[in-house]
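The values are calculated or read from the model by the stated rules, or taken from the named source; none is laboratory data. Predicted model only: the values in this text are computed from it and were never measured. Every residue, glycine among them, receives a Cβ derived from its backbone with ideal geometry; neighbour counts consider all protein chains shown.
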Amino acid sequence: METFVKKRSFISEARSPQKKIKLESDEGMEQDEEDEEFSHPVPWQKIEAEGLDCDYALLFSKEEADNLFKQLEEEVVYSTGEEAKVQVFGKVYDIPRKQATYGDAGLTYTYSRVTRLANSWTPTLEYIRDAVTKTTGRAFNFVLVNRYKDGQDHMGEHRDDEKELDPLCPIASISLGAPRDFIFRHRDARGKQSLRQIEPVKLELAHGSLLLMNSPTNTFWYHSLPVRKKSSLPRINLTFRRIVVDRKK
DNA sequence: TGGTTAGCAGACCC
DNA sequence: AGGGTCTGCTAACC
């Protein structure tokens with residue numbers, strides 16, 4: 001049975017998923033927003049299930065996505081050593097992909113018991129961040145970069161539920177490079193005697209695409225990027241987030 | 001207190 | 001026949 005979300009099935013109106021509100025401006029950012037800079041509005045596909053709310057769109061053309069991928073390959077510096085390891089069920093493993101963290105000065109992000117300090121934004125990451133902001137009306141102060149060198153690199157099921165994240169702000173996921181399957185599973189449909197039977201939601205994340213994961217998706221749904229042996233090319237994923245800044249000294 | 005961004009084994013399906 | 005995929009399990013630590 002094919003449970004993948006059909007491409008182009010019900011493309012909604014060509015407008016942003018959130019109303020064009022004025023940007024929640026962080027300090028001293030752009031004043032008057034030229035909506036026309038990223039000229040044509042993007043056609044969004046709504047992806048919904050019980051407790052799941054996502055918006056999917058092709059944000060960048062193939063040509064632009066190609067260039068962005070190339071630039072990121074030159075700019076991004078990935079973690080090594082202890083920061084490239086993860087501890088699960090008492091054992092330490094090498095993370096089966098590469099990771100990097102970028103964001104506003106001084107921000108930290110704790111992921112699976114390892115706290116990482118954000119590197120300062122690179123030009124390309126800033127450019128993509130601003131493109132995402134212009135098309136969504138959301139501001140982000142942090143991005144987690146994951147690089148999957150081929151179909152063997154992967155990420156297991158998890159939720160993005162770190163408590164330093166602003167729970168109401170969507171997470172914006174940009175995909176560049178090889179397309180990969182992306183799977184959602186409801187938390188009540190996991191385990192042997194799962195409480196309920198809920199079909200997973202599966203989609204393929206395309207080169208240049210943007211997936212917005214809106215609240216409360218990450219409360220109820222785990223997601224993963226499973227191994228795909230037939231995939232041989234690299235993929236870079238950027239997840240833009242809003243980290244709540246603790247204003248205490 | 002309870003959840004686990006990892007790998008692995010066994011079942012299933014081409 | 002066997003490789004790819006999917007699911008459930010893990011049993012230490014924070």
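Quick check on A:Gly151: is it of a type outside the set (A, V, I, L, M, F, W, C), surrounded by fewer than 16 Cβ atoms within 10 Å (Cβ to Cβ) and either within 11 Å of DNA strand C (Cβ to nearest atom) or farther than 30 Å from A:Thr108 by Cβ (or both)?
In short, no.
Looking at (1) outside any loop (DSSP other than H, G, I, E, B); (2) out of contact with any strand residue (DSSP E or B) (no Cβ under 7 Å at 6 or more places or on another chain); (3) touching a residue at least 60 places away in the same chain (Cβ under 8 Å), which is the one condition that is false for A:Ala139?
(1)
Would you pick out the residues in the range A:214-224 that are crowded, with 21+ Cβ neighbours inside 10 Å and under 17 Å from A:Arg180 (Cα atoms)?
Once the filter is applied, which keeps residues that are crowded, with 21+ Cβ neighbours inside 10 Å and under 17 Å from A:Arg180 (Cα atoms), the range A:214-224 yields only A:His223.
Just to verify a result, which residue in the range A:98-122, among those that are of a type in the set (Val, Ile, Thr) and more than 10 Å from DNA strand B (Cβ to nearest atom), is surrounded by the fewest Cβ atoms within 10 Å (Cβ to Cβ)?
That would be A:Thr115.
Scanning for something buried (at least 19 other Cβ atoms within 10 Å of the Cβ), over 18 Å from A:Ala65 (Cβ atoms) and within 16 Å of DNA strand C (Cβ to nearest atom), does the range A:194-212 turn up at least one residue?
Within the range A:194-212, one or more residues are buried (at least 19 other Cβ atoms within 10 Å of the Cβ), over 18 Å from A:Ala65 (Cβ atoms) and within 16 Å of DNA strand C (Cβ to nearest atom).
Have a look at A:Leu125, A:Leu72 and point out the one that is within 20 Å of A:His154 (Cβ to Cβ), away from DNA strand B (no atom under 16 Å from the Cβ) and in contact with a helix residue (DSSP H, G or I) (Cβ under 9 Å, 6 or more places away or on another chain).
One residue alone meets the criteria, A:Leu72.
Search the range A:47-73 for residues that are polar (S, T, N, Q) and pair each with any residue that is surrounded by 17 or more Cβ atoms within 10 Å (Cβ to Cβ) and not in a strand (DSSP E or B) when their beta-carbon atoms are under 7 Å apart and the residues are at least 6 apart or on different chains.
Close Cβ pairs satisfying both conditions: A:Ser61/A:Gly208; A:Gln71/A:Thr124.
How about the range A:84-112: which of its residues are under 21 Å from A:Gln152 (Cβ atoms), away from DNA strand C (no atom under 16 Å from the Cβ) and not in a strand (DSSP E or B)?
A:Ala84, A:Ile95
Would it be correct to say that A:Arg190 is within 13 Å of DNA strand B (Cβ to nearest atom), at pLDDT below 95 and closer than 17 Å to A:Gly51 by Cα?
Here the answer is yes, as A:Arg190 does meet what is asked.
Would you pick out the residues in the range A:73-89 that are of a type outside the set (D, E, K, R), out of contact with any Asp or Glu (no Cβ under 7 Å at 6 or more places or on another chain) and within 23 Å of A:Val227 (Cα to Cα)?
Selection gives A:Tyr78, A:Ser79, A:Thr80, A:Val86, A:Gln87, A:Val88, A:Phe89.
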